Structures are given as structure tokens and as C-alpha cells.
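Take a look at the structure below.
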Amino acid sequence: MSKRDYYETLEVSRDASSNDLKKAFKKKAMKFHPDRNPDNPEAAEKFKEAAEAYDVLSDPQKKSAYDQFGHSGVEGMGGGSSNFNDININDIFGDIFGDVFGTRSQSRRQRRGSDLQYNLELSLKDAVLGIQKKIKIPSHRECPDCHGTGAAKGSSPVTCMNCNGTGQVRMQQGFFSVQQTCSVCSGTGQIIKEKCRTCGGVGAIKENKTLSVNIPAGVDNGDKVRLSGEGEWSKGGQSGDLYVAIRVKDDPLFERDGRHLYIEAPVPFEVSILGGSIEIPTLEKSISLKIPANTQTGKVFRIKSKGASIVRDRRRGDILCRVVVETPTNLNRDQIKLLKELSSSLSQSKNYPGTDTFLKAVSKIKE
């Protein structure tokens, strides 16, 4: 079967520029690369066809021969000879088209420092209500002697001869021109022959920095606060960001569930019978909770708008207080005598309806 016209394969005109050819092939490669179509032999064939077309049309000598004599003009010149299965899709969209599509983003990555994380432990109160915290982190600042160049006084960095100052070198992979970071200058394009004694050629010196972190109300475990530009320092470029990761310590009294806080409070025996009030805590201050007469263990009281909030919604949830009736201990003789007299007068089932119901259920089982 005769081969398709290379210009038709890439869908470009015969006077297409080098950039037009690269863009056209990138589009085809993105659509038909085998990594994206592992079970589609037709797509693999179309990718191979596009790669062969690009190989010829991107080479001035091959293109000239093809324009004059067609496919026969490039036979034996290596057109389409590379194994397309060995071509990594990341190479195509990263290194191969770096000068058109990737150089700018790559240089951004080189200029920007890495993001860092600081783990901050908070009390429940601080997490719910919000607070400003000061943290100390290891950091860098520009070297005062070399002003960030890394070169000794009286000298300056020189252009890297391996990459001619571009920070990148090109290698040929079949019909692809692969662009890689220069191993000599690590992508900076410059070499320091005489290093600054103060910073050792780094361009910065280490220091401990104190930062103020505004913790918004309502944070919870796993939430993060971003401090822009406080991450890893980058020579001649932008620093990364610092992420303050929140961990909320267990509280001795409260359990948090979203917006609500749960607490268990003891109620004196006599208060549960006669009624009265007990003091319970909130995150701000203690409040008095009214206990009606005949309150049993397990009764839950709701204190509205004293619970937690979430970061994007300042409305407070509730505190749900479950009471537990506490039996008195360490009674003296007079108290025991009075309790026995009370016990004798409480022997009727109407005073203990729960016990009466339970005993009736037990008797039915025995029958």
C-alpha cells in the first residue's frame, strides 16, 4: 500500500514552519501515542506514520529531498527508522518539545523552591476559636557577602561551556531531539569557579526564622494553612510555599464531631431526684445547666451555639451534654441511717418503674 503524503499526514501546508510542524506532530502524538491507546493497533500505526512524517519534514535535508522526489527521495535516509515503541510520551510533551511547549514551565520549576510542611499541634479550643501562633522554622536568607551569586568577592559566575549558558543540552534519540538539564551547571547556565567563603557557593546562609501564623476558627485535623513564599529558598528565583498542617490534640472533656461537641457530666444523686443545676464547661467559660427533677442517667441536654464551627462557615454547632447520675460514697453513720429509712419508704414499684418493668420481663422468661 502506498504511503500517505507526509504533509497530509500531519495536516499542514507545504510551507509550514518548523514550529507549525512541531505543533502538528504534538497534536497527533497526543491523540495516537501507544501509551494512550494500549489496545488499539490502528492508533499505534497512525502514531508511527505521524512520527515518520515529522522525522522527514523536520530535517531540512530530508525535507528538501522529499519535496523534490517524494517518498523515493528519502529512502535510505533514515526516515521513520526509529522504533516508535521506545518513545516515551513524557519525552514527547516534555523534553522533545521543550523549546516550544516546555522550556518556560521547566525554567519555572528550576526557579521555584520546593513546598515545605510544618506540623502544628493545637488544643481543641484554639482550633475551634482560632488563634495566632508563632512558629520557628529553619530557613535561608541571601548571603550578605556575595548577594546571592555564590561567587567570592571580586569574582562572578561564568557561563557554562557545556550548555553555552542555556542550562540545557540536546541529545539525539532517533529522529527526536531530546532536551535535558545540563549536568555540569544543574540547569543554571553558570558555573562558579571561586566560591563565596561565607555561603560556600550556595548564595544563601541558613537561619532560624520566626513566623506568625493566623489559624482561622474551625480548623480540624488535616487542615493546612499556606504561607506563600516561606518554603524552600531558590537561588535567583521564587521560594516555595510553607504549609502548616494542623493536628488537634485530644481534649480531656470534649469529643468533636463536625460542628458539635459532646461531653459527659456527673449529676449528684440528690440533684437527679430533686432537680437543681450543675456547672458545665464550654470552650469560653463555664455555664449553669438546669437539671429537672427525676433525671435519669443518659439524658442528653443541648446547649445551642456553643459547639464548633468549620473554616468556611463561622456558625457554631451545639454542645450535647449526657448526664450520668453519681452514687454518693464515703457515707457516715447518720447518712447511712437516713438512706436506709429512705430506702424502706421507696419500696413501692411506682418509685422505680424501670425496675418493676425489668422484673416482670424476667419472670416471664422463667415461666
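The values are calculated or read from the model by the stated rules, or taken from the named source; none is laboratory data. Note that the coordinates shown come from a computational prediction; the quantities given were computed from them, not determined experimentally. Glycine also receives a Cβ, built like all others from the backbone with ideal geometry; neighbour counts cover every protein chain displayed. Accessible surface areas use protein heavy atoms only, side chains included; no ligands, DNA or RNA. Shrake-Rupley method; radii C 1.70, N 1.55, O 1.52, S 1.80 Å.
Here are the numbers:
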quantity	calculated
Selection within the stretch 1-24 - assigned to a helix (DSSP H, G or I) and either closer than 19 Å to residue 74 by Cα or open to solvent by 20 Å² or more (accessible area, probe 1.4 Å) (or both)	6, 7, 8, 9, 10, 18, 19, 20, 21, 22, 23
Members of the stretch 277-297 found to be under 30 Å from residue 129 (Cβ atoms) and not hydrophobic (A, V, I, L, M, F, W, C), listed by number	277, 279, 281, 282, 284, 285, 286, 288, 290
Selection count, the stretch 225-248, where residues are loosely packed, with under 13 Cβ neighbours inside 10 Å and among the basic types (Lys, Arg)	1
Those residues of the stretch 30-53 which are assigned to a helix (DSSP H, G or I) and either closer than 16 Å to residue 13 by Cα or open to solvent by less than 90 Å² (accessible area, probe 1.4 Å) (or both), in sequence order	30, 32, 43, 44, 46, 47, 48, 49, 50, 51, 52, 53
Check on residue 355, of a type in the set (Ser, Thr, Tyr), in contact with a Ser or Thr (Cβ under 8 Å, 6 or more places away or on another chain) and surrounded by fewer than 11 Cβ atoms within 10 Å (Cβ to Cβ)	yes
Sole exception among (1) touching a residue at least 24 places away in the same chain (Cβ under 8 Å); (2) open to solvent by 20 Å² or more (accessible area, probe 1.4 Å) for residue 56, by number	(2)
Residue 102 being surrounded by 14 or more Cβ atoms within 10 Å (Cβ to Cβ), more than 27 Å from residue 20 (Cα to Cα) and either out of contact with any Lys or Arg (no Cβ under 7 Å at 6 or more places or on another chain) or modelled with pLDDT under 90 (or both)	no
Among the residues listed as 232, 264, 279, the single one being within 30 Å of residue 353 (Cα to Cα) and touching a residue at least 60 places away in the same chain (Cβ under 8 Å)	264
Qualifying residue in the stretch 187-197 (condition: small (Gly, Ala, Ser) and within 28 Å of the chain's Cα centre (by Cα))	yes
Single residue of the stretch 292-335 satisfying the filter (of a type in the set (A, V, I, L, M, F, W, C) and assigned to a loop (DSSP other than H, G, I, E, B)) that is farthest from the chain's Cα centre (by Cα)	331
Strands (runs of 3 or more DSSP E) within the stretch 122-212 that include 2 or more residues in contact with a helix residue (DSSP H, G or I) (Cβ under 6 Å, 6 or more places away or on another chain) and on the phi < 0 side of the Ramachandran plot	176-181
Test: residue in the stretch 203-221 that is open to solvent by 10 Å² or more (accessible area, probe 1.4 Å), within 20 Å of residue 314 (Cβ to Cβ) and of a type in the set (D, E, K, R)	yes
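Residue-wise test of (1) closer than 19 Å to residue 125 by Cβ; (2) open to solvent by less than 30 Å² (accessible area, probe 1.4 Å); (3) modelled with pLDDT under 95.
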site	(1), (2), (3)
278	no, yes, no
290	no, no, no
294	no, no, yes
315	yes, no, yes
318	yes, yes, no
